[in-house]
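Read the structure below first, then the notes.
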Amino acid sequence: MNPYEIRKHFPILDQEVNGNPLVYLDSAATSQKPSAVIESIDKYYREYNSNVHRGVHTLGTKATDAYEGAREKVRKFINAASAEEVIFTRGTTTALNTVARSYGKANLSEGDEIVISYMEHHSNIIPWQQVAKETGASLVYLPLQQDGTISLEDVRKTVTSRTKIVSIMQVSNVLGVINPVKQIAQIAHDNGAIMVVDGAQSTPHLKVDVRSLDCDFFAFSGHKMVGPTGIGVLYGKKELLENMEPIEFGGEMIDFVGLYDSTWKELPWKFEGGTPIIAGAIGLGAAIDFLEEIGLEHIEAHEHKLAAYALEKMSAVEGLQIYGPMDAKQRAGVVTFNIGDVHPHDVATVLDAEGIAVRAGHHCAQPLMKWLDVSATARASFYLYNTEEDIDKLVEGLVKTKEYFSNVF
Ligand code: PLP
């Protein structure tokens, strides 16, 4: 399917915004949803809405089959060894907090180090800051090269026998760079540390294989990969998860409850306290079916092509500064930029008047903004439904923005 055919599956894209056809370039914040995903959730609520793992009635069995069926789809999608290793969470943030609060708290003490990079999203910084404060461990930052990439030589220097946890994003939501997490995992393991991967921006765009990466934990969100909001996944190696304590307690996750003590269900349910995110998991399953039908290899190739086209066209706009490597092969479909001294919020406002949706701000990456020496940037992010025409419109919009703010050039 070419992007024009793909677009027909996304009803939201067929509309005008401020009198112009919508050009949606904010998929790194959240992707749009195809009809198949919307309909899967609609069908659940209309036809078999029921709680899972509880009653023996027909609707309950249907809902349980659909919920656990979605888990199996996720398992296959990321090539986990077993469905016990797939825990449904609210998103990447909850998944990373679970690792920090459960594994981190139990395994860190004074003198230990947690290694993260300057480009991490706040969701992969703050949970580690908190657990470091509680345990006396130290947070150590992996430096970045001038173009915003990570060098393995720096990883070898930074990760030592003191390191207990390395936690790195596979694809940056700001710079778009694809990090060598497989090689970083190898270095972490050579030093006796575990490897956590923030896959929020990689899972939607490239084929993820957790066993090939040999990461110990992997986190991602459904809403960035054409699925609904409120559902995400924590993958963890079974031997690690089995030895971890849950962080939420209540219904669904227990085996036996006594007056003063309780025991937990087996994996993965001991980490899914309370009524689970049933509609979300079903929607995520439908999203996986949709992406697999198109093919992750196809999506990845399409985005590399769009990134190359965008880098070429955007760098021809005088006064526009693009952050991150200029080689499209090193990035996914994210281009972050500033135009002269125009505030990125003003850039986004002018583009919005043209019907073009981009994100402006610090992108939940304030340490990276500091490293780039800016307070904020504008960001255009592409997905399977974007076309070169969308990028042409963005470039036209940027030229208009420059004209509008010609006083600052
Ligand atoms: N990590 C990265 C790289 C992200 O881009 C995001 C979301 O923007 C997150 C983590 C957090 O994801 P969520 O808000 O879905 O939990």
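Just so it is clear, none of the values below were taken in a lab; they were calculated from the coordinates. Quantities reported herein were computed from a predicted structural model and do not represent experimental measurements. Virtual Cβ from ideal backbone geometry, glycine too; neighbours counted across all protein chains shown.
Looking only at region 225-242, residues that are without any contact (Cβ under 8 Å) to a residue 60 or more places away in the chain and either among the basic types (K, R) or part of a loop (DSSP other than H, G, I, E, B) (or both) come to 0 in all. Checked across region 185-197, the condition of being part of a loop (DSSP other than H, G, I, E, B), of a type outside the set (S, T, Y) and within 12 Å of the ligand (Cβ to nearest atom) holds for no residue.
So for region 185-192 (the condition being surrounded by 24 or more Cβ atoms within 10 Å (Cβ to Cβ), under 29 Å from H9 (Cβ atoms) and over 10 Å from the mean Cα position of the chain (by Cα)), does at least one residue qualify?
no
Residues in region 261-278 that are within 14 Å of E85 (Cα to Cα) and either in contact with a Cys (Cβ under 9 Å, 6 or more places away or on another chain) or outside any loop (DSSP other than H, G, I, E, B) (or both): 3 in all. State whether one or more residues within region 125-133 are in contact (Cβ under 8 Å) with a residue 40 or more places away in the chain and either in a strand (DSSP E or B) or closer than 22 Å to V334 by Cβ (or both). Yes.
Taken over region 21-36, the criterion of being among the aliphatic types (A, V, I, L, M) and within 16 Å of the ligand (Cβ to nearest atom) is satisfied by L25, A28, A29. Only one entry in D352, D327 is charged (D, E, K, R) and without any contact (Cβ under 8 Å) to a residue 24 or more places away in the chain, namely D327. Consider region 142-178 and keep the residues that are assigned to a strand (DSSP E or B) and within 16 Å of the ligand (Cβ to nearest atom). The one that is farthest from the chain's Cα centre (by Cα) is L142.
When G104 is tested against (1) surrounded by fewer than 24 Cβ atoms within 10 Å (Cβ to Cβ); (2) in a helix (DSSP H, G or I), only condition (1) is not met.
Residues that are surrounded by 18 or more Cβ atoms within 10 Å (Cβ to Cβ) and in contact with a Leu (Cβ under 7 Å, 6 or more places away or on another chain) were ranked within region 229-254; the one that is farthest from I6 (Cα to Cα) is L241. For region 200-224, the candidate set comprises residues that are outside any loop (DSSP other than H, G, I, E, B) and under 17 Å from G283 (Cβ atoms); within that set, the residue that is nearest to the ligand (Cβ to nearest atom) is S221.
With respect to the stated conditions, R90 is touching a strand residue (DSSP E or B) at 6+ places or on another chain (Cβ under 7 Å), within 16 Å of the ligand (Cβ to nearest atom) and of a type in the set (D, E, K, R). Of the residues making up region 352-384, those that are crowded, with 24+ Cβ neighbours inside 10 Å and either more than 16 Å from the ligand (Cβ to nearest atom) or in a strand (DSSP E or B) (or both) are I356, T377, A378, R379, A380, S381, L384. Among the residues of region 255-310, which ones are crowded, with 21+ Cβ neighbours inside 10 Å and touching a Gly at 6+ places or on another chain (Cβ under 6 Å)? Result: I277, G280, G283, L284, A287, E303, L306, A307.
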